[in-house]
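Please read the structure below before turning to the comments.
The values are calculated or read from the model by the stated rules, or taken from the named source; none is laboratory data. This structure is a prediction, so every number in the text was calculated from the model and none was measured. So basically every Cβ, Gly included, is an ideal-geometry build from the backbone, and we count neighbours across all protein chains shown. The accessibility values were calculated without ligands, DNA or RNA, using every heavy atom of the protein model including side chains. Shrake-Rupley method; radii C 1.70, N 1.55, O 1.52, S 1.80 Å.
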Amino acid sequence: MCGIVGYVGERPCRDLLLHGLQMLEYRGYDSAGLSLLVDGRIDSVRAVGHLSELQDAVARRANGSGPPDFESTTGIAHTRWATHGGVTEDNAHPHFDTKDRVHIVLNGIVENHTELRRRLLDAGAEFTSETDAEVVAHLIAHHYAGDLVEAVRAAYNDLRGHYAFVAMTADEPGVLVGARKECPLIVGVGEGEQFLASAIPAFLRETRNVKLVNDGEIVAIRPDGVRFLDASGARLDRETIEVDWDAETAEKGGYDTFMLKEIHEQPDAVAETIADRTPGDHVELAELSDELLAGVRRIVIVACGTSYHAGLVGRYAIEEWARLPVEMDIASEYRYRNPVVGSEDLVIGISQSGETADTLAAMRLARSAGAKVLAVTNVMGSQATRDADAVIFTRAGLEIGVAATKTFVSQVAVMYLLGIKLAQVRGTLADDVITRLVGELKQLPHLMTELLERVDAPIRAIADHWKATEFFLYLGRHVGLPVALEGALKLKEISYIPTDAYAAGEMKHGPIALLDKSTPVVCIATDMPILDKVLSNSAEVRARGAHVIAVATDGSTGIDEQTDEVIYVPKSDWLLQPILAIVPLQLLAYYIATERGLNVDKPRNLAKTVTVE
Ligand code: F6R
């Protein structure tokens, strides 16, 4: 999860930018850099590792033979979390064009970077990094004819993806131009100076006055003003808002809680996780050799809690797409049941922390029996990364809320990548199906952004209505079942309302006895081959007087007739629906818990990392 900060004004900005980066450190990063404009040229310093490495590198330059960058009053800076290309100084931002006149910092993903890189190489550009971001510097330089705003606008119209960037050119001191496509970008308005950053904490020490950049907009900041444009070049007005954040609110990015902030970071987390792993129309997983995957006869997934639910989604996807048998178990059960496992098995341990004792024990057991072990984790250097033969990192950034949200959707995204990759290696899906699935996978961050906006108000209303209820039931079948299980887990762990989740087909074998007129039943009724069966289960439940709240897919017909209220999620391949369907359920749990006055970031009796057995 990268961070951006830029400055134009009258003050020397080097230390302002370094401080801004420090305030964005909480997002997690593996390298950092800054570019400063002085005397008609841009000087850059980049470093791998902690911010102190960058500070040391900057100090060495200032004391040594480097240019007097401490005088610069125009600059941009960045913290990077590697996606396209390894963690190296060359891949760290800012990136620059061949003539070193245009520098940029970018958060997010440029989806059509391969095609753009080819075009720019043909036009004579020389690339110095492996990143997708670098194309943006070359593209702006390519369009530049004396007006940075126009060059950025032209570049924006060439780009596809999920990103925000800020550009500067040595030819126009005192101006920075940014563009926003779904990833956040905010102007900090000062006296004779402006900031442009990915989050308010980056400039909060200097100013509390902000202008919000909306999706699809270009913004130019100069010491004496800010100009907003849409992609066609039309001028836009923007009001200035004063934020009254204290340090704690700033840390939460303006959200009331870390959990809500992290729910809203989910599109970014998914975009970062799939990024370079979906070049063009197929999946690449550099972490796993085709040879290893081709030799696998069975997959076993072990995990706990929310990570177990991500594994369940993976089971459906892998079995459907790659036609490989997948066994799924709760790690604390698996490790004690003397499981049959061996050298033809690939055992996947999913753990956001990479430190959960039961998952680690299950992975070690499988490895000692000769299985190849793959860890899926969010934390570099965690124990799981050391106990596995291979590691696929989710790239959700630091998750502080105890209830897992953005790490869950990132784990599900990794499961989808694995399912498609296995299908490629095993030849179980036609090329056109793989192309469609990869295309739909890349659309997920966009759909999640839209979904978060559209469901917030209706979910709040549902939460308000049911906040005092004493029991909730969640139902799902097939790929809807993990969504029901995960939605119910979120509700019970943060609202403390007794909640059960069941395979809907099992209702008639006992649990239906729990229902009466006071029971809200959340039913996952997204597109799937057995949707009609889900709807008959919903009818059974309604016949007992229960109130059915369905989660369904846009365009499905007849759902509203067979349920009491419906929350629609955007359409995508039916196996991809879980990653969307969980979003309203996270929000439902969240708003019910906050309406009940509870601390959602630190629920009672729970810890973020469970290292005890
Ligand atoms: C629930 C939650 C837990 C974790 C579980 C496993 O919101 O966060 O259920 O999913 O404790 O943790 P990791 O993924 O770190 O192994």
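Looking only at segment 347-364, residues that are more than 11 Å from the ligand (Cβ to nearest atom), open to solvent by less than 50 Å² (accessible area, probe 1.4 Å) and farther than 18 Å from Arg315 by Cβ come to 1 in all. Here segment 367-397 is the region considered, the condition is being surrounded by fewer than 24 Cβ atoms within 10 Å (Cβ to Cβ) and in a helix (DSSP H, G or I), and the residue that is farthest from the ligand (Cβ to nearest atom) is Ser368. Among the residues of segment 256-304, those that are among the polar types (S, T, N, Q) and within 14 Å of the chain's Cα centre (by Cα) comprise Gln266, Thr273.
When residues in segment 278-292 are screened for being closer than 19 Å to Thr385 by Cα and touching a residue at least 12 places away in the same chain (Cβ under 8 Å), 4 of them pass. Of all residues in segment 417-450 being over 12 Å from Val283 (Cα atoms) and acidic (Asp, Glu), which is most open to solvent (accessible area, probe 1.4 Å)? Among those residues, the one meeting the criterion is Asp432.
Taking (1) out of contact with any Gly (no Cβ under 7 Å at 6 or more places or on another chain); (2) buried (at least 18 other Cβ atoms within 10 Å of the Cβ) in turn, Pro325 satisfies each apart from (2).
Within segment 379-437, the set of residues being closer than 30 Å to Pro603 by Cβ, of a type in the set (Asp, Glu) and more than 12 Å from the chain's Cα centre (by Cα) comprises just one member, Asp387.
In segment 573-606, the residue that is farthest from the ligand (Cβ to nearest atom) out of those that are open to solvent by less than 60 Å² (accessible area, probe 1.4 Å) and assigned to a loop (DSSP other than H, G, I, E, B) is Asp573. Taking segment 231-349 as the region of interest, the helices (runs of 4 or more DSSP H) fully inside it that hold 2 or more residues being under 30 Å from Leu204 (Cα atoms) and either modelled with pLDDT of 95 or more or of a type in the set (Phe, Trp, Tyr) (or both) are 258-264, 266-274. Note on segment 81-199: enclosed helices (runs of 4 or more DSSP H) holding 2 or more residues that are aliphatic (A, V, I, L, M) and farther than 24 Å from Ile221 by Cβ are 113-122.
The residue list Asp100, Asp15 contains one member that is open to solvent by 20 Å² or more (accessible area, probe 1.4 Å), touching a strand residue (DSSP E or B) at 6+ places or on another chain (Cβ under 9 Å) and not hydrophobic (A, V, I, L, M, F, W, C), which is Asp100. Between Gly161, Gly178, the distinction of being in contact with a strand residue (DSSP E or B) (Cβ under 6 Å, 6 or more places away or on another chain), farther than 23 Å from Thr240 by Cβ and open to solvent by less than 10 Å² (accessible area, probe 1.4 Å) belongs to Gly161 only.
Does any residue of segment 401-409 turn out to be hydrophobic (A, V, I, L, M, F, W, C), open to solvent by 20 Å² or more (accessible area, probe 1.4 Å) and near the ligand (Cβ under 10 Å from one of its atoms)? Yes.
For the structure I just gave you, tell me whether Leu148 is open to solvent by 10 Å² or more (accessible area, probe 1.4 Å) and aliphatic (A, V, I, L, M). Spelling it out, it is not the case that Leu148 is open to solvent by 10 Å² or more (accessible area, probe 1.4 Å) and aliphatic (A, V, I, L, M).
Checked across segment 327-337, the condition of being closer than 17 Å to Gly295 by Cβ, touching a residue at least 12 places away in the same chain (Cβ under 8 Å) and more than 11 Å from the ligand (Cβ to nearest atom) holds for no residue.
Residues checked against (1) farther than 22 Å from Glu320 by Cβ; (2) among the charged types (D, E, K, R):
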site	(1), (2)
Leu481	no, no
Tyr496	yes, no
Asp500	yes, yes
Val521	yes, no
Ala525	no, no
